[in-house]
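Working notes, structure below.
The values are calculated or read from the model by the stated rules, or taken from the named source; none is laboratory data. Remember, predicted model here, so these are calculated numbers, not experimental data. So basically every Cβ, Gly included, is an ideal-geometry build from the backbone, and we count neighbours across all protein chains shown.
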Amino acid sequence: MIVGNADKGDRLRVKLVDGWEEDGNWGGYLQITRGDYKGYYLDSKDGWVHPYSSKYDPITFVDKGDWYEIRQTRDLNGSALITEGDTLRFRPSTPGHWHILDS
């Protein structure tokens, strides 16, 4: 899976670990697969997404047809993943529309 803005060339490769699927939605923990933070997990304790050496909250991909909402925690009402400037952030706000690339 590739996270980032293809137009800008920003990419982060991650894999889903400890995954699950239910009612067309799916989720788990995002583990970085390349670079300086290989093996770390993407997570957020304060809203801003950072690499952490341990996993904390799972994320949920909410199926919206040809795009997904990405929510923090397994709760469909968890904070939504958005971009704020050029930074990823989980906030209780209007969710971003995410397209998933499977590599």
field: Per-region count, the stretch 45-70, residues acidic (Asp, Glu), assigned to a loop (DSSP other than H, G, I, E, B) and surrounded by fewer than 16 Cβ atoms within 10 Å (Cβ to Cβ)
entry: 2
message: For the structure I just gave you, tell me whether residue 73 is within 17 Å of residue 24 (Cα to Cα), surrounded by fewer than 19 Cβ atoms within 10 Å (Cβ to Cβ) and hydroxyl-bearing (Ser, Thr, Tyr).
response: yes
field: Near pairs, Cβ below 7 angstrom, 6+ apart or cross-chain, from the stretch 38-60 (among the β-branched types (Val, Ile, Thr)) to any residue that is exposed (fewer than 14 other Cβ atoms within 10 Å of the Cβ)
entry: 60/76
task: Could you list, in sequence order, all residues of the stretch 75-93 that are part of a loop (DSSP other than H, G, I, E, B) and modelled with pLDDT of 85 or more?
output: 78, 79, 92
Within the stretch 27-44, considering residues that are part of a strand (DSSP E or B) and in contact with a His (Cβ under 9 Å, 6 or more places away or on another chain), the one nearest to residue 79 (Cα to Cα): 43
